[in-house]
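Visitor: Before I ask anything, here is the structure I am working with.
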Amino acid sequence: MDKQTALLLLEKMMLSRKFEESVQYYFSLGMIHGTTHLGIGEEATAAGTCLALHPGDDMFATHRGHSAAICKGVDVRRMMAEIFGRETGVCRGRGGSMHIADRDVGALGSNGIVGPSVALACGAAFAHKYRGEEAVSAAFFGDGATNEGIFHESMNLASVWGLPVLFVCTNNLYGMSTHISRAMKNTEIADRAKPYLMKSFTVDGNDAEAVFDTVTEARDYAVSSCEPVLIVENTYRISGHSKSDGNQYRTKEEIQRWKQRDPVRLHREKLLARGIATEEEISLVDRQTTEEIEKAVRFAIESPYPKVEDIYEDVYAE
Ligand SMILES: Cc1ncc(C[n+]2csc(CCOP(=O)(O)OP(=O)(O)O)c2C)c(N)n1
Ligand SMILES: [Mg+2]
């Protein structure tokens, strides 16, 4: 891992973590409305995956999509403004937490519905192939989403049509309060690539470097062969499922065990142990990311709300 990539992974993970902690805080003050799904503990999946993508690649996120958007390059100020419902937000404040999108950086949308990212990514990959571009589209989805029909239909179509899609499963062991073992007989999600004769990878999703290397290899394969790939990134959601979660379905010990494998801390310790970065360099990233989030919050709070008379502009719903 070269120093630049190592520090970028650290920066994006810290930015994601602080962004979500900030959202959680302002939510608790009643300054943010609607709902949010935080992915605290899953940052290495977003950073390792999105940093391995190229600028011309597309990315589709889930309902738990803040980190993916940040790591694909969406401006955190405009993301924060979106979540605060302001006119300066990436979707002019109309979408909120689950509708973060910015076409300019290839972040083609998070989604309140579980599953559609996989089908949308097939469409984007088809477009890349049709135009003869050397690009892939990546779809994030959870372990729960792999039990849906749309996942299997999309995997089948991508395989038959030879579409350069990276199907990226963020396996955090739970779909809401249901443990993976109660939702599927075979919990080896990578096996789900087999019926479609699709290549698959399984990686420690709390190890940013491992995710980055795996997705780099998977992307090379998808581009050179024009074939889809399934990547399973095993991780854990330390935060609750949504804004309220009593954690009745899991033990404190389990959460504690995974906190020991906090991806931000693991990466930081790795950089120090290997002499890739010094304490000072890491502290600088820490300070800069804190400042960036503080600026984002100020920008959001100082931005105007949309005007009531044009609230229906840019809204597409039936
Ligand atoms: C089609 C659909 N069904 C149900 C829901 C309600 N729902 C929201 S998140 C979620 C759990 C999804 O689990 P998983 O795919 O593992 O993602 P995670 O929340 O763990 O990141 C469910 C059932 C929904 N939003 N969309
Ligand atoms: Mg899950």
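Visitor: Looking at this structure, is residue 125 part of a helix (DSSP H, G or I), more than 15 Å from ligand 2 (Cβ to nearest atom), open to solvent by less than 10 Å² (accessible area, probe 1.4 Å) and not polar (S, T, N, Q)? Lay out the reasoning, then the answer.
Guide: Details: part of a helix (DSSP H, G or I): yes; more than 15 Å from ligand 2 (Cβ to nearest atom): yes; open to solvent by less than 10 Å² (accessible area, probe 1.4 Å): yes; not polar (S, T, N, Q): yes.
Yes.
Visitor: Across segment 273-291, which residue is farthest from residue 80 (Cα to Cα) among those that are aliphatic (A, V, I, L, M) and in contact with a helix residue (DSSP H, G or I) (Cβ under 7 Å, 6 or more places away or on another chain)?
Guide: Keep residues of segment 273-291 that are aliphatic (A, V, I, L, M), which gives 273, 276-277, 282, 284-285.
Retained after the next criterion (residues that are in contact with a helix residue (DSSP H, G or I) (Cβ under 7 Å, 6 or more places away or on another chain)): 276-277, 282, 285.
On the way: 276: 32, 277: 30, 282: 24, 285: 20 Å.
That would be 276.
Visitor: Can residue 19 be described as buried (at least 17 other Cβ atoms within 10 Å of the Cβ), over 27 Å from residue 165 (Cα atoms) and in contact with a His (Cβ under 7 Å, 6 or more places away or on another chain)? Even if it seems obvious, please write down each step before you answer.
Guide: Details: buried (at least 17 other Cβ atoms within 10 Å of the Cβ): yes; over 27 Å from residue 165 (Cα atoms): yes; in contact with a His (Cβ under 7 Å, 6 or more places away or on another chain): yes.
Here the answer is yes, as residue 19 does meet what is asked.
Visitor: Let me spell it out: the conditions are (1) open to solvent by 70 Å² or more (accessible area, probe 1.4 Å); (2) within 16 Å of ligand 1 (Cβ to nearest atom); (3) at pLDDT 95 or above, and residue 224 meets all of them except one. Which number is the exception?
Guide: Against the list (1) open to solvent by 70 Å² or more (accessible area, probe 1.4 Å); (2) within 16 Å of ligand 1 (Cβ to nearest atom); (3) at pLDDT 95 or above, residue 224 comes up short only on (2).
Visitor: Being among the polar types (S, T, N, Q), in a helix (DSSP H, G or I) and more than 19 Å from residue 67 (Cβ to Cβ) is true for just one of 256, 288. Which residue is that?
Guide: Step by step, each of 256, 288 is checked, and only 256 is among the polar types (S, T, N, Q), in a helix (DSSP H, G or I) and more than 19 Å from residue 67 (Cβ to Cβ).
Visitor: Shifting gears a bit: For segment 55-72, check the following and say yes or no: at least one residue is hydrophobic (A, V, I, L, M, F, W, C) and more than 10 Å from the chain's Cα centre (by Cα).
Guide: From segment 55-72, those hydrophobic (A, V, I, L, M, F, W, C) are 59-61, 68-71; that's our starting set.
Checking the rest, the ones that are also more than 10 Å from the chain's Cα centre (by Cα) come to none.
Taking every residue of segment 55-72 in turn, none turns out to be hydrophobic (A, V, I, L, M, F, W, C) and more than 10 Å from the chain's Cα centre (by Cα).
Visitor: Could you check segment 159-178 and list, in sequence order, the residues that are away from ligand 2 (no atom under 16 Å from the Cβ), in a strand (DSSP E or B) and either without any contact (Cβ under 8 Å) to a residue 12 or more places away in the chain or of a type in the set (Val, Ile, Thr) (or both)? Break it down stepwise before answering.
Guide: Start the filter on segment 159-178 by keeping residues that are away from ligand 2 (no atom under 16 Å from the Cβ), which leaves 159-166.
Still in the running and in a strand (DSSP E or B): 165-166.
Within segment 159-178, 165 is the sole residue that qualifies.
Visitor: Is there a residue in segment 179-198 that is surrounded by 13 or more Cβ atoms within 10 Å (Cβ to Cβ), in contact with a helix residue (DSSP H, G or I) (Cβ under 6 Å, 6 or more places away or on another chain) and in a strand (DSSP E or B)?
Guide: no
Visitor: Another question, then. Considering only residues that are assigned to a helix (DSSP H, G or I), in contact with a Ser or Thr (Cβ under 6 Å, 6 or more places away or on another chain) and within 20 Å of residue 140 (Cα to Cα), which ones fall in segment 15-48?
Guide: Matches in segment 15-48: 15, 16, 43, 45, 46.
Visitor: So residue 219 ticks every box in (1) within 29 Å of residue 271 (Cβ to Cβ); (2) open to solvent by 40 Å² or more (accessible area, probe 1.4 Å) but one. Which box is left unticked?
Guide: Only one criterion is unmet by residue 219, namely (2).
The values are calculated or read from the model by the stated rules, or taken from the named source; none is laboratory data. This is a predicted model, so every value here is computed, not measured. Using ideal geometry, Cβ is built from the backbone for each residue, glycine included, and neighbour counts are taken over all protein chains shown. Side chains are part of the model used for accessible areas, which takes the heavy atoms of the whole protein and leaves out ligands, DNA and RNA. Shrake-Rupley method; radii C 1.70, N 1.55, O 1.52, S 1.80 Å.
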